[in-house]
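This report concerns only the one structure given below.
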Amino acid sequence: IKNVPIGTYKITEKQVLRYYLAEATPNTANVKIQQVGKAEYGKKPEEIAYGNATLNLKDLKAEITFRNEKQRFDDYSHNDVVRNTITFKLK
């Protein structure tokens, strides 16, 4: 995501079927992880963990990785991506 204004942002993942948030990891020093609950299926990701990122003139980029684990192996099609890395840039 480019051209994000200076400020502090809460970064969360959206809840999806069959997967749950297992871990959130900061990839830059200006991202702080808030661990708020135990990782388990059925919880909204923000009830497990989220990141707070601060963009300013010194820290122009913020990055976080969310790692998911698959809980249900239904007969539906699915995406096999379990790591989602999100990068924010001021410029």
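The values are calculated or read from the model by the stated rules, or taken from the named source; none is laboratory data. The model shown is predicted, which means the values in this text are computed figures rather than measured ones. Note: ideal-geometry Cβ built from the backbone for every residue, glycine included; neighbour counts use all protein chains shown.
Among the residues making up region 26-49, those that are closer than 13 Å to THR8 by Cα and buried (at least 16 other Cβ atoms within 10 Å of the Cβ) are ASN30, VAL31.
Considering region 64-91, and only residues there that are among the aromatic types (Phe, Trp, Tyr) and over 15 Å from THR28 (Cβ atoms), the residue that is modelled with the lowest pLDDT turns out to be TYR76.
Of all residues in region 21-54, how many are aliphatic (A, V, I, L, M), free of Cβ contacts under 8 Å to residues at least 40 places away in the same chain and touching a helix residue (DSSP H, G or I) at 6+ places or on another chain (Cβ under 8 Å)?
The number of residues fulfilling the criteria is 1.
Filtered by the rule that a residue be of a type in the set (Asp, Glu) and in a loop (DSSP other than H, G, I, E, B), region 25-55 gives a lone residue, GLU40.
What do you reckon, is VAL36 of a type outside the set (Lys, Arg), modelled with pLDDT of 95 or more and out of contact with any Gly (no Cβ under 7 Å at 6 or more places or on another chain)? First the steps, then the outcome.
Numbers: of a type outside the set (Lys, Arg): yes; modelled with pLDDT of 95 or more: yes; out of contact with any Gly (no Cβ under 7 Å at 6 or more places or on another chain): yes.
Answer is yes for this residue.
Could you tell me which residue of region 1-24 is farthest from GLY51 (Cα to Cα), considering only residues that are assigned to a loop (DSSP other than H, G, I, E, B) and under 10 Å from the mean Cα position of the chain (by Cα)? Checking each candidate, the answer is LYS14.
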